[in-house]
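Notes follow the structure.
The values are calculated or read from the model by the stated rules, or taken from the named source; none is laboratory data. Keep in mind it's a predicted model, so treat the numbers as computed, not measured. Note that we place each Cβ from the backbone using ideal geometry, even for glycine, and neighbour counts take in every protein chain shown. The area values use the complete protein model at the heavy-atom level, side chains included, leaving out ligands, DNA and RNA. Shrake-Rupley method; radii C 1.70, N 1.55, O 1.52, S 1.80 Å.
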Amino acid sequence: MTCNLGILDSLNVDSIAEISENWNGFCSTSEALLKGSGDLSFSAEFITQVKNLCEHGLTSLVEQHFLRCVQETFERNGARRFWSYFEPYSNVAPLETNKDPILEEEIQQVIRKALEEISSEKQYQEKCLLLLAHALQSYEENKSQGQVNPDSTRVYLFSKYQLIVSSVLLASFPRHFPGILHWYFKGRLEELSTIAGANSEDDDELGMDDKMDLDEKSKLPDKCGNKDSDRNHEYARFSGNNKLVKNIGMVVRDLRNIGFTSMAEDAYASAIFFLLKDKVHDLAGDDYRSSVLESIKAWIQAVPLQFLRALLEYLGDFTSCNDPSSGLKSPLASHPSLCYSGTGIPSEGLVRWQLRLEYYAYETLQDLRIAKLFEIIVDYPDSAPAIEDLKQCLEYTGQHSKLVDSFISSLRYRLLTAGASTNDILHQYVSTIKALRTIDPAGIFLEAVGEPIREYLRGRKDTIKCIVTMLTDGTGGNTNGPGSSGDSLLEELNRDEESQENTIVDDDINSDDKQAWINAQNWEPDPVEADPSKGSRYRRKVDILGMVVGIIGSKDQLVSEYRVMLAEKLLNKSDYDIDAEIRTLELLKIHFGESSMQKCEIMLNDLIDSKRTNANIKATIKHQPQPERRDLEVSLDNLNATIISSNFWPPIQDEAVNLPEPVEQLLTDYAKRYTEIKTPRKLMWKKNLGSVKLELQFEDRAMQFNVTPLHASIIMQFQDQKRWTSKNLAAAVGVAVDVLNRRINFWISKGVLVESTGADSADHVFTLVETINDTGKSGTIDGGCEELLAGDEDGEQSVASVEDQLRKEMTVYEKFITGMLTNFGSMALDRIHNTLKMFCIADPPYDKSLQQLQSFLSGLVAEEKLELREGVYILRK
């Protein structure tokens, strides 16, 4: 509004004197009214002066002056005094961590007192403002003869006044005041939570069941009645503590009254969320073996929502059930609405609060579980309840990308390091697949999480071997403890067998047109994290074996490693018990196909045939007259031979060894009888392979051993001669001196032999220990059997490893590679690979993978035959 002072030019002297007199009186009366602190004795005089000024067209000037006086008075008597109450607490920080009960009680009193005083001051000024509004309305009604809105002036003045109050208070607003409010509401809510918890314990003792959540109760026939009774029971607890709720409501009401509505709501909302966060952390903690989501939702119903209901009812904001607008549902209310007071009509405010609180609880629990997801997966499947809670949280919040980013970071920092063994990484990978399969059955996010693990494992040399061990060994390759379903992949092979049996049923279901139409109607696009090359989620299936084998990239490498491991295991068997190996092979055939496992099947058949042949040979002995056995001659009954088809077995490590004459004669007799049965086949003995059971008799003890033929041959030389030099003993056994020195350490470590230095420092002397006193060491005399089989010592194996086989096979192509580099100077890996595929088509054709070629070229670089510079290979000069 503007004041038209030009009207003063048309006034005479008497009118000016009258205006001056009324104005001075109005100013003094206004000041007296505002300072009167409840004294309205000047009201009649004040109204008359206002009317007189209005008759001279000074209405806007009157309004502006009075509002300015109100503002100055409020600044002096209201705002300044109000903020002065909180100045002593500006340095009390942080209030959240301050647990001083005396200070807590003091601040409560200060807040209530300060709000009461400023509300009282504001209420008195509103009365004065009402006098002005009454005077102005009377003048307007007389002037317009009742054709104006009687409340327009009052509404205008009070809106201006409310703006003045808020502006004045905010102009001198202290920075620590929101913290004081937050601390106040937090303390009161903690008190209410404690009361509710105590009442809940009393109810439990009485056998009351108040833990059924909203979703469970909604399944009952009476959708609102049963829920009403439980919520009314919860609400009765707060009604019993009406004084506490009333005090909180008075504080909120007074804060609203001075224009701090938003600040008050933020304060008690932040206190509620802070308390809810503490509750979630308290219930969840580091216990992953029990679900906590329903307990959290029950607590939300029992404390925050009942507090908000009581607060909104006290403030008059609780939607009336008879109000038509109360039936309008929140656009966020996808869950069943709350029912109160026996009606089916939801409270809009409480519905929104419930959605906010539940979302915050889901998000808080989700962040807590994501932060500890590495530990949760380590404990899987014992931690399955925590995984299920996380699944529900992610379905509610949709923050799957947060899980992916956080878990990948944890994997790189805690798992994908040089200090972690390949077995541990693989076990964690399998557990990750099983756990995330619960959260993400389609495997979309599992692809993103698993890629860093797969990429890291491809750089480990023993990855293939560890995977094969997990596929074939019930302990999952974990030598540190017993195997479990979380470690071994045999259970996944069993699942493949079961799914194979149900293939026909599944095919029938998938081919059903109705089911296809339902799938089409329920189609949703994949999230942005999905790999588009993997196809839609409806065509995916989380296959643990497929994902583990996918680390290698080719099943042929895995099958080759399995052949080597199977051959090593079969060659070290002292009997013909291969039932476990047969079962594993049958399961592997389901996953990899029969053609891939054909050679392995022949290897097992060789063991079966060996058992039959061995029994037949020994049966012929019983029906034939036997010559008198000479001293040291070994009976044929003591020999069990493993007869292999060498063309189908991996290359066998062949090491020359001279066996004792009685053993050589035994092998010759066995081979002769085999030829008689299997004419025209002949046996070619691998004398370094197998196992020998020995019993060594000493003067004061007897010792039993199960060792390799070479170890047995070494110790048998001491039967006739108690002392040997290393050179003579190596010549007698038929091995190199360095090999002898390495193998004889076993007998020295067992106290059977003792080593000393001879005349030649390079020619050691080994002496048989007849009695324990000879060495002063305590020997084993209890007859226990010590075992040392092939491959147990110095990492030596009976079968050539896959790497050794590959190196031998690739040697054929070394000349091709050298020729190419001579002609072209330098070539990249891809170019060498493609050139070999193009030109090496004769026998043997080049069929190696890029990774195998890279491994071979790395070996040539290590042998200093090639150099690798900036990604290209060149001949070393």
Completion exercise
Expected vector for segment 349-366, Karplus 3J(HN,Hα) from phi with 6.51, -1.76, 1.60 and θ = phi - 60°, integer Hz, x for Gly and Pro, equals x, 6, 4, 5, 5, 4, 5, 5, 5, 5, 4, 5, 5, 4, 5, 5, 5, 4
Practice task
Would you give the gap between the C-alpha center of segment 574-618 and the C-alpha center of segment 423-465, rounded to a whole Å?
Solution key: 31 Å
Handout entry: Distance (nanometres) between label positions extended 7 Å along Cα→Cβ at T725 and I677
Key = 4.6 nm
Fill in the blank from the handout: Whole-percent carbon and sulfur contribution to the accessible surface of segment 802-875 (1.4 Å, no ligands, DNA or RNA) stands at 54 percent
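Using the structure shown, list the pairs from K672/K727; K465/K808; K569/K750 with a Cα-Cα distance above 31 Å, or answer none.
K672/K727
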Completion exercise
Regression test value, accessible area per residue of segment 802-875, probe 1.4 Å, units Å², expected 63 Å²
Completion exercise
To the nearest 0.05, the calculated FRET efficiency linking R412 and F824 through their beta-carbon distance, R0 being 41 Å, is 0.55
Exercise for the section: Would you please give the residues with an amide H less than 5 Å from that of M827, counting only those at least 5 places away or on a separate chain, with H modeled from the backbone geometry? Expected result: Y873
Fill in the blank from the handout: For the L667, D575 Cβ pair and Förster radius 22 Å, calculated FRET efficiency rounded to 0.05 is 0.70
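Kindly state, to the nearest 0.05, the FRET efficiency for E105 paired with S855, given R0 = 51 Å and r defined as their beta-carbon distance.
Values: r = 76 Å, r/R0 = 1.49.
Given R0 = 51 Å and the Cβ-Cβ separation, E is 0.10.
How would you classify segment 653-776 from its alpha-carbon gyration tensor, with a ≥ b ≥ c the square roots of the eigenvalues: rounded for a/c under 1.5, else prolate if a/b is greater than b/c, otherwise oblate?
prolate
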Practice task
Subtract the Cα-Cα distance of E699 and F158 from 0.36 nm times their separation in residues, and report this length gain in nm to one decimal.
Solution key: 183.0 nm
Practice task
Could you tell me what percent of the accessible area of segment 684-753 is made up of carbon and sulfur, with a 1.4 Å probe and every protein chain present?
Solution key: 50 percent
Completion exercise
Heavy-atom accessible area per residue of segment 653-776, all protein chains kept, 1.4 Å probe, expressed in Å², is 53 Å²
Exercise for the section: Kindly write out, for segment 413-421 in residue order, the coupling ³J(HN,Hα) from the Karplus curve 6.51 cos²θ - 1.76 cosθ + 1.60 (θ = phi - 60°), rounded to whole Hz, with x marking Gly and Pro. Expected result: 7, 10, 10, 7, 10, 5, x, 8, 6
Practice task
Return the subset of K122/K279; K461/K599; K618/K686; K391/K461 for which the Cα-Cα distance in this structure is over 29 Å, preserving the input order.
Solution key: K122/K279; K391/K461
Handout entry: Overall form of segment 802-875 per C-alpha gyration tensor (a/c, 1.5; a/b vs b/c)
Key = oblate
Exercise for the section: Describe numerically, in nm with one decimal, the distance between label points set 7 Å from Cα along Cα→Cβ at R289 and at T261. Expected result: 5.3 nm
Exercise for the section: Please work out the average accessible area per residue across segment 406-477, using the 1.4 Å probe convention, and give it in Å². Expected result: 37 Å²
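Output the relative contact order of segment 802-875, whole-number percent, from Cα pairs under 8 angstrom with separation of 6+ residues.
About 39 percent, as a whole number.
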Fill in the blank from the handout: Distance in nm between N12 and W83 label points, each 7 Å along Cα→Cβ, equals 5.3 nm
Completion exercise
Note, segment 395-405: 3J(HN,Hα) by Karplus (6.51, -1.76, 1.60, θ = phi - 60°), whole Hz, Gly/Pro = x, goes 5, 7, 9, x, 9, 5, 4, 5, 4, 4, 5
